[in-house]
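A short reminder: the numbers here are calculations on the coordinates, not readings from a lab. No experiment lies behind these values; they were computed from the predicted model shown. Quick reminder, even Gly has a Cβ in these numbers, built from the backbone with ideal geometry, and neighbours come from all protein chains shown.
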Amino acid sequence: MLRLALALLLAGLAWLLISTISGSGRPGALIVTLIYVFVGIGFQYAIGLGLALLTAQRLSGRRFFRVVFLLPMMITPVGVAFMFRMLTDTVIGPFSPVWRAVGLGDYSWVTNPWGARAAVMIGDIWQWTPFMFIVLLAAIEGQAQEPLEAAVVDGANRWQLFQHITVPAIMPVSTALILIRMIEGFKIVDLPNVLTNGGPGTATESLTLSSFVFWRTLDIGGSAAIAYLLLVLVTILSVAFVNLVRERTTESV
């Protein structure tokens, strides 16, 4: 608990630091990156777990859908960025009739700060949900069947089976998955760079993209400072997350 409190304190100090640096009142690169990471991971895990539970059932065509669900992960991030750049074009894009039909024909995703951030997050979620899906599917299908069969005999319903047997069984895998995606999420650079070029202004600029921009303008010191900040932040959050899961697991045993 002490470590968790220390981690929260350091996170609060980091938030204060970035709020002070970003004097314009707009979210700085750190806040934007945190939004990308935590919102993205939340949706990726929820959708991936739902798809894994669905395709783990004995349904016709499940093998076909397992392959289809993996396709986005096989595309490079730059390819995903160009694809979503085309799809979010409400004027001449292939989805422009759809945007007009829902009343968004005049909406510009890349010139609205939150619209641009949403486009980046949707692209990231679409690409990396398959990673969550395939690993969680393997964990669900690899869990022991004896506890499930015994619980069914005792009269447990599907929700009780999921809550008390499946979730604890896949918890170690879930922890590793979220940790890996957290580390990778902080390194996001391709999508905001290609899809929005960090704009409008710096609205979609992540920490890694900021470091690249500093390096490109020969500000090597600024680029290195952001890299070290990223290292410290990811280390603190990773350790805090692992300790939190470990404490929760110990308490539930």
- Taking the Cα-to-Cβ direction at residue 74 and at residue 57 and moving 7 Å from each Cα, how far apart do the two end points lie in nm? 2.6 nm
- So, relative contact order of the chain in percent, Cα under 8 Å, 6 or more apart, is 27 percent
- Query: If you rank 228, 45, 36, 107 by fewest surrounding Cβ atoms within 10 Å, what's the result?
  - Reply: 228, 107, 45, 36
- Descending Cα extents along the principal axes, segment 120-253, whole Å: 67, 29, 21
- Helix-only [θ] at 222 nm, the chain, -39500 (n - 2.57) per DSSP H run of 4+, per residue, nearest 500, equals -23500 deg cm²/dmol
- Task: Among 32, 37, rank each residue by its count of other Cβ atoms within 10 Å, from fewest to most, as a rough exposure measure.
- Result: 37, 32
- Task: Give me the Debye-computed log₁₀ of I(q)/I(0) at q = 0.10, 0.15 Å⁻¹ for segment 22-140, equal point scatterers on Cα only, no solvent, two decimals.
- Result: -0.40, -0.82
- Where Rh denotes the Kirkwood radius from the mean inverse Cα pair distance, what is Rg over Rh for segment 110-199? 1.19
- Cα-centred dipole magnitude for the chain, charges only on beta-carbon of K, R (+1) and D, E (-1), debye, nearest 20: 220 debye
